[in-house]
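Each remark here refers to the structure printed beneath this line.
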Amino acid sequence: MFISPLKSPAPAHIAQDGRRDEEGVPLIELRQVVKKYQGAAGVVLALRGVDLRVKVGEFVAIVGKSGSGKSTLVNMITGIDRPTAGEIWVGGTAVHTLGEGQGAAWRGRHVAIVFQSFQLLPTLSVLQNVMLPMDFADRYPVREQRDRAMHLLEQVEIAEHAHKLPSAVSGGQQQRVAIARALANDPPLLVADEPTGNLDSSTARSVFRVFEDLVDQGKTIVMVTHDKDLAQRVERAVTLADGEIVDDRA
Amino acid sequence: MIRARWYKVLNDLWGNKTRTILIVLSIAVGLFAVGMIVSSQAILSTELAKSYATINPSSGTLRTNEPFDDDFVQSVRRMPEVQDAEGRRSFGVRFRVRSEGAGDQAEEWRNLQVFAVPDYANMRINKIRPVSGAWPPPEHELLIERAALQLIRAQVGDVVLIETPGRQVREMRISGLVHDLSQLPAPIDGTPYGYIAFDTLEWIGEPRGYNELHFVARDGADKDEAQRVVNLVKDKAEKSGLTIPMSMTAEPGQVPLNDVLQAILLLLGVLGVLSLLLSAFLIVNTISALLAQQVRQVGVMKAIGARTRQIMGMYLVMVLIYGVVALLLAVPLGTLGARALSRYMASLFNFDLTAFHVPPQAIVLQVVIGLAVPVLASLVPILSGLRVTAAQAMNTLGLNNGQFGKGFIDRL
Ligand SMILES: Nc1ncnc2c1ncn2[C@@H]1O[C@H](COP(=O)(O)OP(=O)(O)O)[C@@H](O)[C@H]1O
Ligand SMILES: [Mg+2]
């Protein structure tokens, strides 16, 4: 696979911090992250001061009961939502300070997101869906985008469906397309919120293998999952309960 | 190489053809109306002015009770304020179409206004122009104003009975048609117009003298000056012992019904603007619905790195495409419509179109409106539709397991 691992070294501030992990460079660092939601039933404390560090090349599973704050946590990492308090650093970027537009632009190049329900755009072909993030990020020249998208589809073994609409392929295939789309701009970090939640167990395993391949190629992956078996297979599982990390097992 | 985002725009347009057609048609209708009316107005105004100029319209007309002669006309013509003057005779008669074999009750008498011009070959003011048949009016025969023919209910060649003011009945053949732009169109006025030779007057029992003085003021372009000259001429006539039951001052350079023409065009213009407002309203609604339906897609695009301005560009291009397609329909149709409307209005107001040039500013106006209205109408729905953040869009759509009811919809 040609997808390269993280190209830039870890940010200086982390190194100077004196908190450098012995084994690797932290790509993600959450410091005392608090998230409150103003819900219909009052204030919900979804995250109660979470500290978390993820090193480059790690494959981390986030597990926990429904409502424990898993999605909230990964939305903090991807910057699609902002914390009430605390800091989120990803690859040297202070994600908690990014405005909406800056966040989108940053995400486009640095973070791949894979959703539980695939979220492919229904009126674009599989190939065009993969090309779309490249178009927005403008990282690759327009004339190369199609070839690159095709290449990514080959890697997730879905190239023969390139010209179909998402609705014309199965759920497992859609999730592979979504992974190819997530990798469009070759980001170092992939964040997935229950990516196998809508898939049957054998399809889920094959999608999971795609993630394992990506980790082998140097990507860092944070994956929310309900699936106990899958959680067993990752290097590290972080367990959330009531907005707090209650277990962090390598 | 087309960028992926434009595929989305095109596929969305193509994928919902009903919506696309509805919006395009609604914009096109408004543009068509605006184009047709603006073009017609420009065409009719210039053409009417052109036609009117060719008859050398009078700036004033006097009617007298007593007949007057060429000497008086000459004396008016010599006034420094007057450029030219001409005398004519006009009077009302009753007529009916002579019907073969039918009794006297077959048709009732109707009114006809008859004009006698001393020299049809050398008219200089309010010129009457031959249209078909005989010219100038042969002795004892009658020419009819072309727009009045439908009121007469007779054909050229038919013989009508004329009852003179002296209650004599004469048979007169309709031997031709003329065009007299200085009169209100007969169908609007309600009275048909006939034209006879000056030598026919005595035969019909009318005195051989003028009772109408048409004149052109030297500085007729100014309405106040025209009015002043009318008063001067009137004084002069009264000093000569004539009584003036009626005098008219013309609006410089404008046909008698210009106000009506402008009012009709204005009304049509209002209808055009209303239809544009209607299409703007439809755009607001459809784009709002479209964005409500695509909240999730907007959120996903933001999540995969689209900046709001990029997404906004996509939706704006989409509405611009609506506008462009509507223009492709509306500009040619508007031109056809303008042609039909101008022709119709010209026939209604009894003048001829010599040329049909769609004014470029009408097309420019259509293009500007065709692009601006969709963009302006969709700006608010687009801006508010794109306010949704990625997180809100995700929450609304239950991406976070079982989080329905906590999304932004409930917070609206
Ligand atoms: N947009 C929101 N508004 C209000 N409450 C929310 C919102 N999103 C999540 N929550 C609440 O925050 C808590 C954590 O939710 P979430 O992160 O989705 O949990 P998980 O993904 O582990 O199921 C839950 O109690 C949930 O009800
Ligand atoms: Mg969740």
Qualifying residue in segment B:337-355 (condition: touching a residue at least 40 places away in the same chain (Cβ under 8 Å), under 28 Å from B:A53 (Cβ atoms) and β-branched (V, I, T)):
yes
For residues that are open to solvent by 10 Å² or more (accessible area, probe 1.4 Å) and modelled with pLDDT under 90, tally how many sit in segment B:134-156.
7
Within segment B:312-334, can you find the residues that are surrounded by 19 or more Cβ atoms within 10 Å (Cβ to Cβ) and not hydrophobic (A, V, I, L, M, F, W, C)?
B:Y315, B:Y322, B:G323, B:G334
In segment A:235-250, what count of residues is obtained for those that are away from ligand 2 (no atom under 13 Å from the Cβ) and open to solvent by less than 10 Å² (accessible area, probe 1.4 Å)?
2
Specify the residue that is farthest from B:I304 (Cα to Cα); the eligible residues are those in segment A:215-233 that are open to solvent by less than 10 Å² (accessible area, probe 1.4 Å) and within 13 Å of the chain's Cα centre (by Cα).
A:T225
A:V44 passes all but one of the listed conditions (1) assigned to a loop (DSSP other than H, G, I, E, B); (2) away from ligand 2 (no atom under 13 Å from the Cβ); the exception is number (1)
Kindly provide the set of residues from segment B:224-248 that are basic (K, R) and open to solvent by 70 Å² or more (accessible area, probe 1.4 Å), ordered by number.
B:R228, B:K239
Regarding A:T203, is this residue away from ligand 1 (no atom under 16 Å from the Cβ) and away from chain B (no Cβ under 14 Å)?
yes
Search result, residues across segment B:285-311 that are surrounded by fewer than 17 Cβ atoms within 10 Å (Cβ to Cβ) and of a type outside the set (S, T, Y)
B:N285, B:A289, B:A292, B:Q293, B:R309
Do you know which of the residues in segment B:20-54 that are open to solvent by 30 Å² or more (accessible area, probe 1.4 Å) and of a type outside the set (A, V, I, L, M) is nearest to the other protein chains (Cβ to nearest Cβ)?
B:F32
Is there a residue being under 30 Å from B:D219 (Cβ atoms), free of Cβ contacts under 8 Å to residues at least 24 places away in the same chain, open to solvent by 20 Å² or more (accessible area, probe 1.4 Å) and not hydroxyl-bearing (S, T, Y) anywhere in segment B:252-259?
yes
In segment A:189-214, which residues are open to solvent by less than 20 Å² (accessible area, probe 1.4 Å) and away from ligand 2 (no atom under 16 Å from the Cβ)?
A:L189, A:L190, A:A204, A:V207, A:F208, A:V210, A:F211, A:L214
Go through B:V270, B:V317, B:V364, B:V368 for me and flag whichever is touching a residue at least 12 places away in the same chain (Cβ under 8 Å) and either in the same structural domain as B:T20 (by TED's automatic domain parsing) or over 22 Å from B:L13 (Cβ atoms) (or both).
B:V317
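Residue by residue, here is whether (1) open to solvent by 40 Å² or more (accessible area, probe 1.4 Å); (2) modelled with pLDDT of 90 or more; (3) within 14 Å of chain A (Cβ to nearest Cβ) holds:
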| residue | (1), (2), (3) |
| --- | --- |
| B:V358 | no, no, no |
| B:Q366 | no, yes, no |
| B:G370 | no, yes, no |
| B:L376 | yes, yes, no |
| B:L383 | yes, yes, yes |
| B:R387 | yes, no, yes |
| B:Q392 | yes, no, yes |
| B:L397 | yes, no, yes |
| B:N400 | no, no, yes |
Conditions: (1) within 16 Å of ligand 1 (Cβ to nearest atom); (2) under 23 Å from A:I28 (Cβ atoms). A:N198 meets all but one. Number of the miss?
(2)
Any residue at all in segment A:115-122 that's facing chain B (nearest Cβ under 7 Å), away from ligand 2 (no atom under 16 Å from the Cβ) and either of a type outside the set (F, W, Y) or under 16 Å from A:I28 (Cα atoms) (or both)?
yes
Answer with yes or no whether A:R181 is open to solvent by 10 Å² or more (accessible area, probe 1.4 Å) and away from ligand 2 (no atom under 16 Å from the Cβ).
no
Restricting segment A:93-108 to residues that are more than 7 Å from chain B (Cβ to nearest Cβ) and not β-branched (V, I, T), the residue that is nearest to A:V207 (Cα to Cα)
A:W106
Which condition number in (1) in contact (Cβ under 8 Å) with a residue 24 or more places away in the chain; (2) at negative phi is the one that B:Q155 fails?
(1)
Of the residues that sit in segment B:184-208 and are assigned to a loop (DSSP other than H, G, I, E, B) and out of contact with any helix residue (DSSP H, G or I) (no Cβ under 9 Å at 6 or more places or on another chain), which one is modelled with the lowest pLDDT?
B:L184
Test for B:D180: is it open to solvent by 60 Å² or more (accessible area, probe 1.4 Å) and acidic (D, E):
no
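Residue by residue, here is whether (1) more than 16 Å from ligand 1 (Cβ to nearest atom); (2) within 14 Å of another protein chain (Cβ to nearest Cβ) holds:
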{"position": "A:E212", "(1), (2)": "yes, no"}
{"position": "A:D216", "(1), (2)": "yes, no"}
{"position": "A:M223", "(1), (2)": "no, no"}
{"position": "A:K228", "(1), (2)": "no, no"}
{"position": "A:V234", "(1), (2)": "yes, no"}
{"position": "A:L240", "(1), (2)": "no, yes"}
{"position": "A:V246", "(1), (2)": "no, no"}
{"position": "A:A250", "(1), (2)": "yes, no"}
Any residue at all in segment A:154-169 that's hydroxyl-bearing (S, T, Y) and outside any helix (DSSP H, G or I)?
no
Restricting to segment A:34-58, count the residues that are in contact (Cβ under 8 Å) with a residue 60 or more places away in the chain and within 15 Å of ligand 1 (Cβ to nearest atom).
8
Take A:L189 and decide whether it is under 20 Å from A:G57 (Cβ atoms) and at pLDDT 95 or above.
yes
Pairs with Cβ under 6 Å, 6+ apart, first in segment A:231-250 and part of a strand (DSSP E or B), second surrounded by fewer than 15 Cβ atoms within 10 Å (Cβ to Cβ)
A:R236/A:A250; A:A237/A:R249; A:V238/A:D248; A:T239/A:V246; A:T239/A:D247
Would you please name the residue that is farthest from ligand 1 (Cβ to nearest atom), looking only at residues in segment A:59-87 that are more than 14 Å from every other protein chain (Cβ to nearest Cβ) and without any contact (Cβ under 8 Å) to a residue 60 or more places away in the chain?
A:E87
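The values are calculated or read from the model by the stated rules, or taken from the named source; none is laboratory data. Being a predicted model, the structure only gives us computed values, none of them experimental. Positions of Cβ are backbone-derived with ideal geometry, glycine not excepted, and every protein chain shown enters the neighbour counts. The accessibility values were calculated without ligands, DNA or RNA, using every heavy atom of the protein model including side chains. Shrake-Rupley method; radii C 1.70, N 1.55, O 1.52, S 1.80 Å.
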